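Each remark here refers to the structure printed beneath this line.
The values are calculated or read from the model by the stated rules, or taken from the named source; none is laboratory data. Values in this document were obtained by computation on a predicted structure and should not be read as measured data. Counting neighbours? That spans all protein chains shown, and the Cβs are built from the backbone with ideal geometry, glycine included. Note: areas computed on protein heavy atoms with side chains; ligands, DNA, RNA excluded. Shrake-Rupley method; radii C 1.70, N 1.55, O 1.52, S 1.80 Å.
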Amino acid sequence: MKKRIMIVDDSRMLLMQLQHILSETEYEVAAYCQDGETAITKYEEILPDLVTMDIIMPGIDGLEAAKAILEVHPDAKIVMLSSLVYDDTIEEAKAIGAKAFIYKPFEKEQVLETIKRVLEEE
């Protein structure tokens with residue numbers, strides 16, 4: 001059975017890029033959300049195996065959404081995906097409980113290796 005990934009990003013281009021990367025792998029895109037509020041609700045509905053979360057989005061940003069999800073589901077596996085590469089942002093993401101941070105733009109191998117590593121963590 002394929003592992004279910006929820007993509008949270010306000011860029012449809014990024015969605016298409018990740019769908020392409022994940023096609024023909026053991027992963028499937030189970031949901032796509034363009035803002036943090038939708039991500040919090042959708043997480044409850046589908047309980048994905050992993051979430052990729054952008055930081056800068058309209059409304060609730062990715063850090064706030066990740067924090068809200070992790071407060072209710074401390075075992076959630078969230079990978080932050082952003083072009084925002086400030087050390088304090090990375091530290092805040094780690095403090096919230098994000099499992100990894102991928103910088104945009106990214107390579108296919110980097111995404112797949114990170115997803116595999118995070119999903120294998122207990």
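Taken about its Cα centre, the chain carries a charge dipole of about 320 debye when Lys and Arg each add +1 at the Cβ and Asp and Glu each add -1 at the Cβ. Residues whose amide H comes within less than 5 Å of that of CYS33, counting only those at least five positions distant or on another chain, are ILE7, VAL8, ASP9 (H built at 1.01 Å from N in the peptide plane). The 3J(HN,Hα) values that the Karplus relation (6.51, -1.76, 1.60; θ = phi - 60°) gives for region 24-39 are, in residue order, 6, 10, 7, 10, 9, 7, 8, 7, 9, 10, 9, 8, x, 4, 4, 4 Hz. Gly and Pro appear as x.
Projecting the Cα positions of GLY62, PHE106, ALA76 onto the charge dipole of the chain (unit charges on Cβ atoms of Lys, Arg, Asp and Glu, taken about the Cα centre) puts PHE106 furthest along the positive direction. Solvent-accessible area of region 35-98 (1.4 angstrom probe, protein heavy atoms only): carbon and sulfur portion equals 51 percent. Which entry in (i) 9.0; (ii) 13.8; (iii) 6.8 matches mean projected area of the Cα convex hull in nm² derived from the coordinates of this structure? From the options (i) 9.0; (ii) 13.8; (iii) 6.8, the structure gives (iii). Accessible area per residue for the chain is 55 Å², calculated with a 1.4 Å probe on protein heavy atoms, without ligands, DNA or RNA.
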